[in-house]
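Shown next, in structure tokens, is the structure this report addresses.
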Amino acid sequence: MHKEQKFLNSFPLASSENVQQYALKTPNGTYIKVSTSAHTLLQAADSGLTFAEIATIMSKQQGKHIAVRDVAVAYENLVREIASPTNSSPTRLTGFWFTWTILSELLVNKIGQRLTKAFSLVGAILLLIFTTSALSYFLLQPGAWRFTPSLTSFALLLLAFFFHEVGHATALLSFGGNPGGIGFAAYWIVPVFFSDVTAGWQLPRLERIVVALGGIYFHMIICAAYAMLYLITKWEPLHAAVVAILVSSLFTLLPVFKMDGYWITSDLLGVTNLDRQRVTVLRYFWRKLNGRSAKALPWPMPITIAVLAYTFLSVITASYFLIQGITLRWPHLIAYPSLILDLLQRLTTKVDTLSFAFLEQLIMETYIVLAIIFALFWFVRTGSHLFKRWWFMQQRPNVSRL
């Protein structure tokens, strides 16, 4: 037995599963879910028991003979899974191909401690009154929803997203948790900020929901501040930033992508790794419809139905946004070669023709074109993956163990 391995940093995971699961914090700060039997095995090993002693105890508990070799193999497999490369980085996030921590854990804690009053009862009431009043007055103005984006408004939007992540970290601090760093990342094609609040797994489900909502809460506060400044100064980038924040907040609350809405839905249902459970649920019902045996799902029937509904809703929503996005932005892709030719002509004639307005248009159009290309790539890759899975299931013989 590897006496140097220690995995005692674990706790019961608050979920709606029929069987108690545990969350295990790995040495590098990531969290993984383990079953009760795996948790018991790790605890016994960490307490200093030999594999032979563990096998004897498990044999008595389960009423059948458990071989020492089976215990040793199970333990080594657990250790290998915990040390897997997929768990190698606490900031390894699905869909993020680039991450850069810009605020250390220490600095995030110092900033967050000064803002925790925003989550006190009095502080929350006052801030919500301010936010509601400012945004209501802004939206009552003529042409409130007009949108004239610029690089300046985009910079203001990024600043708001930074405070969004501060909101997550501050909410975690208000419940006694310890947030990690805040950084900059690329989520597929979208530049975003991220906050390491994985320590929130140790909280009850209701408090985890508040942590997930903490980002939107701070997002709306800075949005209200922008709105008030716009009403005073009439500076157009502030107006565009307010509209962009409101629209992006609604998008963030959609549970389709791994953003705030996803984590809120996951905690409301008490289903961890909700995005992976979509395939599990579909596979279960597919096997049932084809008269095959299927492993029982780990949740009560109402939760199972909710996960199934979430699966269909997420597929329909993602498809709608994909089709609408490509349909509305397709003319930009068609016109992009002409824009590149215009750039080449400007470069080969007079340098002073490269105005700021032209460069701004070039950057925005390039971003839109890259987004369209990525969306098409995602659609083809996902469709190919689903077709392969369907074809594999069709080729399997329709037999089941009696």
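Bear in mind that the values in this text are calculations on the coordinates, not laboratory data. The shown structure was predicted, so the numbers you read here are calculated from the model rather than taken from an experiment. Heads up, the Cβs are rebuilt from the backbone with ideal geometry, glycines too, and the neighbour counts pull from every protein chain shown.
Could you calculate the FRET efficiency of residue 68 with residue 273 from 1/(1 + (r/R0)^6), where r is the beta carbon distance between them and R0 is 35 Å, rounded to 0.05? According to the calculation, E is roughly 0.60.
Cross-link list 60/288; 33/117; 110/234; 33/64; 234/258: which exceed 30 angstrom alpha carbon to alpha carbon? Violating the 30 Å limit, Cα to Cα: 60/288; 33/117; 110/234; 234/258. Between residue 206 and residue 289, the FRET efficiency from the beta-carbon distance, with R0 = 25 Å, is close to 0.10. Ranked by the mean number of other Cβ atoms within 10 Å of their residues, highest first, the peptides 59-69, 144-154, 289-299 fall in the order 144-154, 289-299, 59-69.
Rounded, prolate or oblate for region 226-366? Axes are the square roots of the Cα gyration tensor eigenvalues, ordered a ≥ b ≥ c, and the cut-off for rounded is a/c under 1.5. Because a/c hits 1.5 or more and a/b fails to exceed b/c, region 226-366 counts as oblate.
Determine the shape class of region 92-167: with a ≥ b ≥ c the square roots of the Cα gyration tensor eigenvalues, call it rounded for a/c under 1.5, and otherwise prolate if a/b is greater than b/c, oblate otherwise. In terms of gyration-tensor shape, oblate.
Annotation for residue 349 and residue 56: the two label points, set 7 Å from Cα along the Cα-Cβ direction, are 9.1 nm apart.
Inter-label distance, residue 126 to residue 235: 2.5 nm, where each label sits 7 Å from its Cα along the C-beta direction. Placing R0 at 35 angstrom, the Cβ-Cβ distance between residue 147 and residue 340 gives a FRET efficiency of 0.85 after rounding to 0.05.
Each Cα pair under 8 Å and six or more residues apart adds its sequence gap; the mean of these over the residue count of region 235-377 is a relative contact order of 17 percent.
Across region 21-64, the fraction of Cα-Cα pairs farther apart than 18 Å, rounded to a whole number, is 35%. On full extension, the segment bounded by residue 19 and residue 317 gains 104.1 nm, given 0.36 nm per residue less the C-alpha separation.
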